[in-house]
Amino acid sequence: MPAGHDLQENGTFSKIEYATRRIERFALQEMARSILREMVERNGKMTYVHQVRNCLRAKITKKKGVTLFYNVEREQANFGNLQRCYSVWNCPICSMTITEGRRTELKKGLANWIDMGGHAYLVTFTNSHHRGDCLDGLLQGQKKAFKKFWEKTKVVKMLKRLGYQGRIVATEVTWGEQNGWHPHYHMIFFFDHQIDANGLQSYLALEWQDACTKAGLKAPDLIHGVDVRNGTYAAKYVSKWGLEEEVTKGHLKKGLNGSLTPFDLLRGCSTNNHYKALFKEFADVFKGKQQLVWSKGLKDLLGIKQVTDEQLIEETEKTSIEIRELGDLIWELILKYQKRAHVLQLVEQDYQNGTNSLYDFIDGLAQIHAGEMITNSRN
């Protein structure tokens, strides 16, 4: 599927829809930048805590201009010589590319396992929580609970008897007016033969409840604490994980039943200062955390190569054609008027249609800027 398009329900691709969503991603990134302003001193220099502040804005090599590229296979334009934050948590732009790459890995790994005669199950873990519980406290408690859970000898022995081979863990979090933060975990368990999903759920629910209690968490009930679904649900989860906002899994998706994902909070920040505080809390707590974790040896077992988030993003530039280089003054104007998404759209249109609309646009920006300077000098 070309990454420059958006897949619709009827299987066709809409360039207009993709362009609209790209505009939103850049707008959301601007909002994230306006919230995450904190700086710290590192090696004698002041730097931003969250690198989304510089993502696709600050140059990598100062002596070189910002480069415009076009990927023929994806039919998508992109920037070169710009810093990236590689954050799946607070950068809508980096997150889109990384999560789509991880979805492809998940899909391939699951297919390989099924081809080998294995079986996969989607297992969800959660615990009771209430509004007022701080996000960091919940995560620390869950971390402690999982440590106790996986160290249980009877859990390890039971899974081994069932032919358990490993798991993939995806961390998700939502926020709701009634119950506050709700961090939870979707896991894909891999077994070498078919098992009784209901039996596994009943057993894990009891052991998870005990682990939560011992970790000092509010214990979940035996019905909602653990949910086990068969391979059909695991495949559906994988097929959706990593796609764009409305259909993705994880923090990118739209919340359900009144719950808000972190990017939902970001969307509402322009009119709700409380959402700003919540998003900053989320960004600070999740900084440096992994979104997807594969158990040791599972990628080798499923035939999946080790690829970093940085490599997933940089791969796009390797297969792109260089269109032109932008001078510093032009780039400053593009940033000033918040036209990065528009520039990429013009590059795509010019390449596909043989036009020169980008040149006209840059000339128009320069004229607007010159007019503003004249007006300001007179006031």
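The values are calculated or read from the model by the stated rules, or taken from the named source; none is laboratory data. All values derive from a computational prediction rather than experimental measurement. Virtual Cβ from ideal backbone geometry, glycine too; neighbours counted across all protein chains shown. The protein model used for the area step is the full one, side chains on, heavy atoms only, and it has no ligands, DNA or RNA in it. Shrake-Rupley method; radii C 1.70, N 1.55, O 1.52, S 1.80 Å.
Selection of strands (runs of 3 or more DSSP E) fully inside the range 39-125 by the criterion of at least 3 residues being open to solvent by 20 Å² or more (accessible area, probe 1.4 Å) and without any contact (Cβ under 8 Å) to a residue 60 or more places away in the chain returns 39-42, 45-48. Among the residues here, Gln367 does not qualify as of a type outside the set (A, V, I, L, M, F, W, C), closer than 30 Å to His186 by Cβ and either touching a Phe, Trp or Tyr at 6+ places or on another chain (Cβ under 7 Å) or open to solvent by 50 Å² or more (accessible area, probe 1.4 Å) (or both).
Only a single item in (1) in contact (Cβ under 8 Å) with a residue 60 or more places away in the chain; (2) in contact with a helix residue (DSSP H, G or I) (Cβ under 6 Å, 6 or more places away or on another chain) is not met by Tyr275, and it is number (1). Check the range 139-155 and report whether any residue there is closer than 26 Å to Thr99 by Cα and among the small types (Gly, Ala, Ser). No, the range 139-155 contains no residue that is closer than 26 Å to Thr99 by Cα and among the small types (Gly, Ala, Ser). For the range 318-356, which residues satisfy the criterion of being under 23 Å from Ile23 (Cβ atoms) and touching a Ser or Thr at 6+ places or on another chain (Cβ under 9 Å)? If the condition is that a residue be under 23 Å from Ile23 (Cβ atoms) and touching a Ser or Thr at 6+ places or on another chain (Cβ under 9 Å), then Ile323, Arg324, Leu326, Leu346, Gln349, Asp350 are the ones that fit. When the range 265-293 is filtered for residues that are surrounded by fewer than 17 Cβ atoms within 10 Å (Cβ to Cβ) and not small (Gly, Ala, Ser), the ones remaining, listed by number, are Thr271, Asn272, Asn273, His274, Asp284, Lys287, Lys289, Gln290, Val293. Restricting to the range 301-314, name every residue that is polar (S, T, N, Q) and open to solvent by 80 Å² or more (accessible area, probe 1.4 Å). Those that are polar (S, T, N, Q) and open to solvent by 80 Å² or more (accessible area, probe 1.4 Å): Gln306, Gln311.
Comparison of Glu317, Glu322, Glu348 shows that the only residue that is surrounded by 12 or more Cβ atoms within 10 Å (Cβ to Cβ), acidic (Asp, Glu), modelled with pLDDT of 90 or more and at negative phi is Glu348. Number of residues in the range 64-81 that are within 28 Å of Leu292 (Cα to Cα) and either among the basic types (Lys, Arg) or in contact with a Phe, Trp or Tyr (Cβ under 9 Å, 6 or more places away or on another chain) (or both): the value is 6.
Filter the range 358-369 for residues that are over 18 Å from Ile321 (Cβ atoms) and not β-branched (Val, Ile, Thr); which is modelled with the lowest pLDDT? Step by step, filter the range 358-369, then rank; the result is His369.
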